[in-house]
Structures are given as C-alpha cells and as structure tokens.
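See structure below.
The values are calculated or read from the model by the stated rules, or taken from the named source; none is laboratory data. Here the structure is a predicted model, which means the values were calculated and not measured. As a convention, Cβ positions derive from the backbone with ideal geometry for all residues, glycine included, and neighbour counts pool all protein chains shown. We work out accessible area using only protein heavy atoms, side chains counted, and drop any ligands, DNA or RNA first. Shrake-Rupley method; radii C 1.70, N 1.55, O 1.52, S 1.80 Å.
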Amino acid sequence: MSNGDIQAEAERCFKVGAQAWQAGRMDLAEQAFARAVQLVPGWAAAHANLGAILRRQGKSEAAVTCYRRALTLDADHAATLSNLGNALRDLGRFAEAETALIRAVKLDPKSIGYQYNLALVLRDLRRHDEAEALLEKIAASDPDNAEFQWDLALSRLYRGDYAKGFAGYEARLRLARNPPRHIAGPRWDGGEVAGKTVLLTSEQGFGDALQFARYVPLLAERGASIVLECMPELAELFAGLAGVKALIAKGAPPPAYDLWAPMTSLPHLMGTTFKTIPARMPYLKAPPRPNLMIPRPESSRLMVGLVWAGKTTPRDRSWPLEELLPLLENPLVTFCSLQMGPRTADLTRLGVDRLVVDGAPALTSFADTAAVMERLDLIITIDTSTGHLAGALGRPVWVLLRHVSDWRWQDEPLTSPWYPTMRLFRQPTPDDFKTPVAAMAKALADLLGHT
C-alpha cells in the first residue's frame with residue numbers, strides 16, 4: 001500500500017469513527033480510530049479521539065495514554081489537555097489533572113468548558129473557596145445552564161451553605177440526564193399545607209430517598225396528608241412513615257391530591273439550614289420479620305454487619321474486601337455480610353466465607369435488611385444507601401468514605417449532623433485503603449473493651 005493509499009484509508013477510518021461516535025456506536029468508533037492511529041501514528045487528532053472513546057467506555061487509564069500520545073505530537077492543543085485533565089480526574093490523580101487543566105485554560109482563557117472542568121478538580125482537591133468562586137463566575141456567564149447551576153449548588157452544600165445550596169439543588173430537575181416528568185396540578189411552593197393532600201414524587205436513588213424520608217412526618221405535622229410515591233424496593237419500609245395516607249409505586253396513577261413536590265425538594269421547601277437539619281431518630285422502623293434468622297454464636301460479644309461495595313459510577317464507592325480483613329481478627333466479633341450483588345463473590349474468592357456469616361440469601365428487600373440491622377450491634381459500610389438506612393433506623397453505623405465523597409458527608413468531620421449514630425472514617429488520600437481501616441480496627445477494639 002502506497003503512502004497515499006495509507007493516508008486515504010486512515011482518513012476513511014477517521015470519518016467512520018466520527019460518524020459512529022455521533023450515532024452512539026462506541027465499539028465501531030473505537031475500532032475505526034484505533035485503525036487510523038495504526039495507519040498514521042503521527043496523527044494527533046486520531047489519538048485524541050481514540051482517547052475520548054476509551055474514556056467514554058470507562059477505560060480512563062488507556063485514555064490518558066492516548067491523550068499523552070496526542071500531546072507529544074501537538075503539545076499546545078487545549079482541548080486535548082482539558083480531556084486529559086478529565087481522564088486524570090476519573091482516576092483520582094487530581095494534582096496532574098489540575099496541571100493539565102490550568103494549561104488548557106491558559107491556552108484558551110475564553111473557554112468556559114475548560115474553566116468548568118478545572119473548577120470540578122479544585123473541588124475534588126477540597127479547595128472549595130476557589131472552586132465555588134470559579135463556579136459562580138461560570139454560572140453567571142450562562143444562567144440557563146443547569147449543569148453549571150447544579151455544580152455550584154453542590155459546592156455550596158459541601159461548604160454547609162444549605163440555604164443557597166438547596167435552592168440551587170433544584171437545578172437537578174433541568175439536567176439533561178433527568179428527563180422531565182409531567183405531574184398534573186400545582187407544585188407546592190413551601191406555603192400553607194394544613195388540610196391539603198400533598199403528592200411527594202420519587203426521584204434519584206435509594207440513598208436520597210432514605211435520607212429525605214425524614215421530611216415526610218414533618219410535613220404531616222404541618223397538617224398535610226401525604227401520598228408518597230416510592231421505588232418498590234422501599235415500599236414496605238416507607239409504609240410505616242408517620243403521616244402517609246397512601247403509598248404508590250413510582251409511575252403508578254396517584255389518588256386525588258391538591259399539591260405535589262419532589263421529595264428531594266423538601267429540604268429547600270422547608271427551609272433547612274445546616275443548623276436546622278432535622279435529626280429526630282429513628283424515623284424508620286423495620287417491619288416485623290419473625291422468621292428471618294441470622295445465627296449469633298453464643299461466645300460472640302459483638303455482631304457486626306458489613307458492606308464493602310457500592311456503586312462504581314459516577315465514582316467508585318467500593319473498598320477492597322482484602323483491605324478489611326484486619327477487622328475480622330478478633331474471634332469475639334461475629335461479622336455478618338449484608339453485601340448484595342456480584343461483589344458477594346469476594347467472600348469465596350478470598351476464603352472469607354469461612355469467617356463471615358453470609359446474610360445476603362435472606363435479604364430480598366430494604367425491609368429485610370432493616371430487620372437484620374435492628375438485631376446487630378453495629379453496621380460497617382462503604383455503600384452509603386446502607387449507611388442512610390442504618391442511620392434512619394437509629395442504629396450505630398460506621399461509614400468508610402473514599403477521599404472524594406458526597407456533599408452530605410463534607411470533607412473533615414468524623415460525625416454526621418444528619419445521623420447522630422453515625423461515625424465517618426475517611427481516606428486521607430485516594431490510594432490509602434489502610435489508614436481508615438486501622439482507625440476502624442482500633443475503634444472496634446475500644447468498643448469491644450466496653451461491652
């Protein structure tokens with residue numbers, strides 16, 4: 001094949017890759033861009049596009065390599081530097097990400113997108129004042145951009161500015177990834193509700209639903225009757241909330257109501273500030289489960305529930321089970337796995353199934369898990385929905401937090417104003433899985449010494 005033929009074939013592959021990207025056919029796009037860089041290794045744009053595809057597929061390590069190849073060929077390409085920063089951020093390499101993004105902003109200071117990406121890294125670096133100042137500038141430049149307003153709200157919530165933060169949190173309802181729902185009737189604006197029936201709609205994930213369910217009884221205390229929409233997995237548990245007149249599955253036709261509001265909007269509508277977080281516990285109670293049995297050895301002085309894996313997107317909320325093995329060293333503590341899903345296989349992979357009671361087969365709903373939690377002395381978890389559930393039940397719960405965590409846990413405190421029975425154990429750096437476990441092992445020994 002002549003040089004001209006090679007170039008022509010590479011250009012054809014590049015075009016196919018671009019068309020496949022637009023059509024959402026990522027596998028074909030990856031193949032096409034990979035072929036283009038094989039044919040013409042000196043083509044910076046092809047390397048950069050291959051990196052973008054790999055990152056979209058969750059292969060950020062390979063994406064970083066592609067971007068660095070592209071920058072070897074074109075060192076001052078601002079878009080590639082920004083994309084490199086995003087991929088490094090995915091991997092928790094925040095200092096490197098900041099360097100790349102600062103360079104991108106210097107090369108193209110008018111790009112709001114590059115500034116936005118830099119602001120997110122500054123927030124991950126826990127430089128919240130800088131991040132918020134930059135996000136305020138970005139949001140002011142495009143007030144209708146829901147993503148900018150949303151991230152500004154998150155930054156304010158991180159810093160405990162709940163008045164502005166929860167007001168801005170309403171931007172979530174305009175995000176492209178949240179398709180709008182068409183709910184009939186007037187939306188509640190926080191005004192008088194005595195004698196009214198209020199439909200509270202379900203949104204987001206289990207953790208948010210469990211955290212904000214605390215507002216249902218408070219709304220009922222204002223004289224409202226509540227029609228509560230929720231995910232089926234939570235229905236039995238939420239049926240016991242005070243003030244619930246009717247419970248419906250998400251998307252089901254509701255009975256008659258006067259007003260409606262998303263349940264996640266209640267902190268804003270009810271004027272929550274950092275100093276007025278409602279923390280009346282417990283606000284959930286496990287339904288009776290007389291036949292649900294978790295064996296407890298007679299010699300056991302503590303029975304501890306354990307969850308080591310949660311969601312992996314948009315950020316990994318898991319912990320290597322092997323790093324938690326120091327917690328299992330005292331034979332007077334019996335651990336019960338509450339882990340669900342494919343990561344339950346970690347028990348047999350490591351042989352830990354011989355050391356831990358596997359409670360998962362008995363757990364078919366959040367109500368089952370709640371019933372088990374009420375029989376445990378302590379719950380240890382990295383999965384925050386499990387943490388929310390234990391906290392809502394008023395059970396002692398220790399939560400492992402990755403270095404970058406959610407706004408509701410902030411960055412420094414070792415306790416949570418949302419849950420008085422919760423204790424937080426934090427990664428000091430993104431790669432340190434040992435320090436928080438060592439602190440937890442010591443706390444467990446101290447607890448055992450007091451039983």
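Taken together, Val37, Val105 contain a single residue that is under 20 Å from Arg12 (Cα atoms), over 22 Å from the mean Cα position of the chain (by Cα) and open to solvent by 10 Å² or more (accessible area, probe 1.4 Å), which is Val37.
Test Asp446 against the stated conditions and say whether it is acidic (Asp, Glu) and more than 22 Å from the chain's Cα centre (by Cα). Walk me through it before giving the result.
Details: acidic (Asp, Glu): yes; more than 22 Å from the chain's Cα centre (by Cα): yes.
So Asp446 passes the test.
The number of residues in region 218-249 being touching a Ser or Thr at 6+ places or on another chain (Cβ under 9 Å) and assigned to a helix (DSSP H, G or I) comes to 6. In region 210-217, the count of residues that are within 21 Å of Ala392 (Cβ to Cβ), open to solvent by less than 20 Å² (accessible area, probe 1.4 Å) and part of a loop (DSSP other than H, G, I, E, B) is one or more.
Of everything in region 41-50 that's within 14 Å of Asp74 (Cβ to Cβ) and open to solvent by less than 30 Å² (accessible area, probe 1.4 Å), which residue is farthest from the chain's Cα centre (by Cα)? Full working, then the answer.
Initial filter on region 41-50 (within 14 Å of Asp74 (Cβ to Cβ)): 41-49.
Next, from what is left, pick out any that are open to solvent by less than 30 Å² (accessible area, probe 1.4 Å): 44, 46-48.
On the way: Ala44: 34, Ala46: 33, His47: 31, Ala48: 28 Å.
This residue is Ala44.
If the condition is being closer than 17 Å to Gln410 by Cβ and among the acidic types (Asp, Glu), then region 131-146 contributes only Glu132.
Scanning region 250-281 for residues that are outside any helix (DSSP H, G or I) and open to solvent by 80 Å² or more (accessible area, probe 1.4 Å) gives Lys250, Pro253, Ala256, Arg280. The set of residues in region 359-376 being at pLDDT 90 or above and more than 24 Å from the chain's Cα centre (by Cα) consists of Ala371, Val372, Glu374, Arg375, Leu376.
The set of residues in region 106-126 that are in contact (Cβ under 8 Å) with a residue 24 or more places away in the chain, farther than 15 Å from Val404 by Cα and not hydroxyl-bearing (Ser, Thr, Tyr) comprises Leu107, Asp108, Ile112, Gly113, Asn117, Leu118. Selection of region 14-34 for residues being in contact with a Leu (Cβ under 7 Å, 6 or more places away or on another chain), closer than 22 Å to Thr72 by Cβ and open to solvent by less than 20 Å² (accessible area, probe 1.4 Å) yields only Phe33.
Any idea which of Pro287, Pro267 is touching a residue at least 60 places away in the same chain (Cβ under 8 Å), in contact with a helix residue (DSSP H, G or I) (Cβ under 9 Å, 6 or more places away or on another chain) and closer than 30 Å to Gln410 by Cα? Quick ask: steps written out before the conclusion?
Numbers: Pro287 fails: closer than 30 Å to Gln410 by Cα.
Result of the check over Pro287, Pro267: Pro267.
Of the helices (runs of 4 or more DSSP H) lying entirely inside region 1-95, those carrying at least 3 residues that are closer than 30 Å to Pro428 by Cβ and of a type in the set (S, T, N, Q) are 78-90.
If you check Gly168, Gly160, which single one turns out to be open to solvent by 10 Å² or more (accessible area, probe 1.4 Å), part of a loop (DSSP other than H, G, I, E, B) and under 22 Å from Glu132 (Cα atoms)? Before the answer, list the steps.
Details: Gly168 fails: part of a loop (DSSP other than H, G, I, E, B).
One residue alone meets the criteria, Gly160.
Would it be correct to say that Ala104 is within 23 Å of Lys59 (Cβ to Cβ) and in a helix (DSSP H, G or I)? So Ala104 passes the test.
Test Phe33 against the stated conditions and say whether it is without any contact (Cβ under 8 Å) to a residue 60 or more places away in the chain, out of contact with any strand residue (DSSP E or B) (no Cβ under 9 Å at 6 or more places or on another chain) and within 20 Å of Ser82 (Cα to Cα). Yes, satisfied.
Quick one: which residue in Glu322, Glu298, Glu374, Glu329 is within 30 Å of Arg55 (Cβ to Cβ) and among the charged types (D, E, K, R)? Show your work before the answer.
Values: Glu298 fails: within 30 Å of Arg55 (Cβ to Cβ); Glu374 fails: within 30 Å of Arg55 (Cβ to Cβ); Glu329 fails: within 30 Å of Arg55 (Cβ to Cβ).
Among Glu322, Glu298, Glu374, Glu329, only Glu322 is within 30 Å of Arg55 (Cβ to Cβ) and among the charged types (D, E, K, R).
Residues in region 65-77 that are closer than 17 Å to Thr99 by Cα, open to solvent by 10 Å² or more (accessible area, probe 1.4 Å) and hydrophobic (A, V, I, L, M, F, W, C): Leu71, Ala75. Selection of region 370-385 for residues being hydroxyl-bearing (Ser, Thr, Tyr) and either open to solvent by 20 Å² or more (accessible area, probe 1.4 Å) or more than 24 Å from Pro297 (Cβ to Cβ) (or both) yields Thr384, Ser385.
Listed residues Val437, Val357; which is in contact with a Pro (Cβ under 8 Å, 6 or more places away or on another chain) and either closer than 18 Å to Arg301 by Cα or assigned by the TED database to the domain that holds Ala209 (or both)?
Values: Val437 fails: either closer than 18 Å to Arg301 by Cα or assigned by the TED database to the domain that holds Ala209 (or both).
Residue meeting the stated conditions: Val357.
Selection of first residues in region 387-416 that are in the same structural domain as Trp319 (by the TED database) and of second residues that are open to solvent by 20 Å² or more (accessible area, probe 1.4 Å) and aromatic (Phe, Trp, Tyr), restricted to Cβ pairs under 8 Å at least 6 apart or on distinct chains, gives the following pairs, ordered by first then second residue: His388/Phe206; Leu389/Phe366; Ala392/Tyr283; Trp407/Tyr158; Gln410/Tyr158; Asp411/Tyr158.
Within region 393-451, the set of residues being farther than 30 Å from Leu234 by Cα and not in a helix (DSSP H, G or I) comprises Glu412, Gln427, Pro428, Thr429, Pro430, Asp431, Asp432, Phe433, Lys434, His450, Thr451. Checking Glu130, Glu96 one by one, the residue that is crowded, with 16+ Cβ neighbours inside 10 Å and either without any contact (Cβ under 8 Å) to a residue 12 or more places away in the chain or of a type in the set (A, V, I, L, M, F, W, C) (or both) is Glu96 and no other. Listed conditions (1) in contact with a Ser or Thr (Cβ under 8 Å, 6 or more places away or on another chain); (2) open to solvent by 20 Å² or more (accessible area, probe 1.4 Å) are all met by Glu136, apart from (1).
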